[in-house]
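Reviewing the structure listed below.
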Amino acid sequence: MGWFDRIFGQSITQRTRAGGEATLGDPTVEALIALSKQPTAFLRPSNGTTRTYLGGMPLGASQDEWPRNASGPLPFLLQVDLQEVGEAAGSFTDLPREGLLQFFYDPGSSVWGLYPGDHSVGAWRVQLVPADALAPLEEPDDLNPEYIFRRRYLRAHRGDTVPPLESVAGGEVLDDMQVDRYRQSRDNAYKGHPHHQLLGAPNEIQDPQQALHCVKMAWGLSDEDYMRRKQDLDPLLQEEVGKWRLLAQIDTDDEAQMMWGDSGQLFFWIRSDDLVRGRFERCWMIMECY
């Protein structure tokens, strides 16, 4: 009897096969969701002015805080006032209580986080600046105007997300109807809004195992290297997967004039120990689109 069965007192397989009625699968799906759900701060449009927003100009104390790479300044995407998040959505484990968390990315770089060397290009940056940074930074003269996004104020709302079924222990025994129910529960969390969020599970478009991808990238493994050594590497890689967590997800947003490929999304991942220590420069970004 596995861990799931020990908790619920009956084999999950027995519960699924106990009868042909569709309703018999509901408790199993609900139990799986309850075990796997993750607290999330959804970033939804705000009717008022906030210091959490997409686009516009970030706040800072010095123009030197604007990150650059060899090609020039990185376009600014998102600023999150962590105190606002705490006041609106409650505290989140390991997330700093205050400060402005800022995200930058150059879509013109054609870097999607697919290769181990992508981080060294410097196409993305995540940084935490002091909460008392009150002045908007000036637009760098050499910033590509195509990537100056429209400001859109956001407010945090607490909720739960559930991870892709492919990454959930126990998910492999669900029947087709139960799989549909599980996936519908994921879709319900995002209805009617762009999918901007802090923490939680990703609303992935292509790869249901993004954390595994981050581990491979951190280890310098290309897809070819991984497939060639998969049998030997998988046990080691799986130990590392649980150490990575989604930091933020930034969706295509028409109001902010943001488009990632074909209606895609950006996913910023970080190791848990880096999050605790505030080492946001170690984030890994993945872009996915349709």
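The values are calculated or read from the model by the stated rules, or taken from the named source; none is laboratory data. Predicted model only: the values in this text are computed from it and were never measured. Note that each Cβ is placed from the backbone with ideal geometry, even for glycine, and that neighbours are counted across all protein chains shown.
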message = Please determine whether any residue of the range 237-252 is buried (at least 21 other Cβ atoms within 10 Å of the Cβ) and among the aromatic types (F, W, Y).
response = yes
Here the residues within the range 188-211 that are among the polar types (S, T, N, Q) and touching a Lys or Arg at 6+ places or on another chain (Cβ under 8 Å) are N203
If we take the range 27-112, then strands (runs of 3 or more DSSP E) inside it with 3 or more residues that are among the β-branched types (V, I, T) are none
Notebook entry, point to check: Quick check: anything in the range 223-244 within 25 Å of Q102 (Cβ to Cβ) and of a type in the set (D, E, K, R)?
Noted result: yes
In the range 69-86, anything touching an Asp or Glu at 6+ places or on another chain (Cβ under 9 Å), free of Cβ contacts under 8 Å to residues at least 60 places away in the same chain and either more than 24 Å from D251 (Cβ to Cβ) or among the polar types (S, T, N, Q) (or both) is listed as N69, S71, Q83
Of the conditions (1) over 16 Å from the mean Cα position of the chain (by Cα); (2) modelled with pLDDT of 95 or more; (3) of a type in the set (G, A, S), the single one that S110 does not satisfy is (2)
Discussion item. Of a type in the set (D, E) and either touching a residue at least 40 places away in the same chain (Cβ under 8 Å) or over 28 Å from C214 (Cα atoms) (or both): is that true of E98 in this structure?
Written reply: no
With the first residue restricted to the range 168-193 and required to be surrounded by 13 or more Cβ atoms within 10 Å (Cβ to Cβ), and the second required to be at pLDDT 85 or above and small (G, A, S), Cβ contacts under 7 Å at 6 or more apart or on different chains are V168/S36; A189/G159
Per the list (1) under 26 Å from D254 (Cα atoms); (2) in contact with an Asp or Glu (Cβ under 9 Å, 6 or more places away or on another chain), residue check on R44 breaks on (2)
Of the listed residues (S109, S36, S46), the one being in contact with a helix residue (DSSP H, G or I) (Cβ under 9 Å, 6 or more places away or on another chain), surrounded by fewer than 18 Cβ atoms within 10 Å (Cβ to Cβ) and among the polar types (S, T, N, Q) is S109
Scanning the range 202-215 for residues that are buried (at least 20 other Cβ atoms within 10 Å of the Cβ) and in contact with a Leu (Cβ under 7 Å, 6 or more places away or on another chain), the one farthest from E288 (Cα to Cα) turns out to be V215
Only one of R125, R68 is modelled with pLDDT of 95 or more, surrounded by 18 or more Cβ atoms within 10 Å (Cβ to Cβ) and of a type in the set (D, E, K, R), namely R125
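One line per residue, one yes/no per condition, for (1) in contact with a Cys (Cβ under 8 Å, 6 or more places away or on another chain); (2) on the phi > 0 side of the Ramachandran plot; (3) part of a strand (DSSP E or B):
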residue: A248; (1), (2), (3): no, no, yes
residue: A256; (1), (2), (3): no, no, no
residue: S263; (1), (2), (3): yes, yes, no
residue: F267; (1), (2), (3): no, no, yes
residue: L275; (1), (2), (3): no, no, no
residue: E281; (1), (2), (3): no, no, no
residue: I286; (1), (2), (3): yes, no, yes
